[in-house]
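Below is one structure, written out as structure tokens; comments come after it.
The values are calculated or read from the model by the stated rules, or taken from the named source; none is laboratory data. All values derive from a computational prediction rather than experimental measurement. Neighbour counts run over all protein chains shown; Cβ positions are idealised from the backbone, glycine included. Keep in mind that these areas ignore ligands, DNA and RNA; they rest on the heavy atoms of the full protein, side chains included. Shrake-Rupley method; radii C 1.70, N 1.55, O 1.52, S 1.80 Å.
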Amino acid sequence: MSVWLPAAPCTPEGCVDRTRTAAALPLAVLRLTAVTVLLLAGIALTPLGGRMPAALVRRWCRWIVRAAGVRVRITGAAPATGGLLLVADHVSWLDVPLLAAVRPARMVAKTEIRGWPVAGRLAARGGVLFIERDRLRALPGTVARIAAELRAGAAVAVFPEGSTWCGRARGPYRRAVFQAALDAGAPVQPVRVRYLADGRAVSTTPAFVGQDTLLASVWRVVSARGLLAEVRVVPAVSAGAHQDRRRLARAAQGGDGHREKARSKSTCHL
């Protein structure tokens with residue numbers, strides 16, 4: 001693994017909320033079963049590809065999150081057509097269906113996801129753009145592929161932090177992917193996602209960080225009560241209004257990510 005790869009200080013032991021109000025075991029099992037069934041249904045329907053109505057895909061993605069026992073609140077809307085780069089902070093595996101609930105898009109993801117049970121197969125068949133994060137020389141090719149998709153009028157979704165954070169802290173946006181938006185002349189659509197406990201305090205229960213396993217993270221979510229995913233679609237950022245990818249990344253993140261990272265480190269751990 002290359003030393004240039006982004007990393008977060010968040011760990012399951014130090015940052016993730018222990019479930020204070022747990023759901024009954026039968027309910028948690030039922031939720032886990034429902035999520036699995038929905039994912040398997042998605043695998044079965046992926047051969048239909050672009051023939052699936054976008055509204056149905058968005059609804060299915062919301063069902064996945066709701067099936068896990070997490071309420072969803074989405075405000076704002078993204079452009080329904082045309083090339084669009086969707087970007088968001090990365091906290092949980094739930095971020096992926098939540099972004100697709102805003103607008104179905106080709107997801108940019110690390111190649112390791114191919115090996116995930118059920119979800120990995122769904123990702124592979126769903127047109128995910130896999131990248132080899134440990135091969136720096138592959139980066140220009142990845143940027144070119146994303147730019148080509150944007151020029152063709154597709155939406156591409158990416159988590160520019162390059163690593164998951166716990167939700168109380170965040171990392172700076174990596175700039176490379178924003179070059180694709182500049183090259184294609186495509187707008188950038190920031191999406192703010194946060195998870196709340198009982199609709200009020202920020203919760204790190206859904207976080208998938210550090211050495212956490214996917215199964216442990218999923219079980220933590222389906223076992224919890226009172227989780228809310230709050231998704232806010234803010235106005236899109238015009239790529240042409242910014243001189244370079246650094247300024248475009250800062251505009252999409254909503255400020256200086258490095259300063260945000262410094263402020264957040266003291267509140268990251270419980």
Quick one: how many Å² of R58 are accessible to a 1.4 Å probe, rounded to 10? 80
Taking r as the C-beta separation of A41 and T111 and R0 as 25 Å, the FRET efficiency to the nearest 0.05 is 0.50
Working out 0.36 nm times the residue gap between A55 and A241, then minus their Cα-Cα distance, what length gain in nm do you get to one decimal? 63.9 nm
Accessible surface of D198 in the full protein assembly, 1.4 angstrom probe, to the nearest 10 Å²? 80
Work out, step by step, the length gained on full extension between A216 and R71: first 0.36 nm times the residue separation, then minus their alpha carbon distance; give nm to one decimal. 50.2 nm
Rounded, prolate or oblate: which one fits segment 127-214, using the alpha carbon gyration tensor with axes a ≥ b ≥ c (rounded when a/c is under 1.5, else prolate when a/b beats b/c, else oblate)? prolate
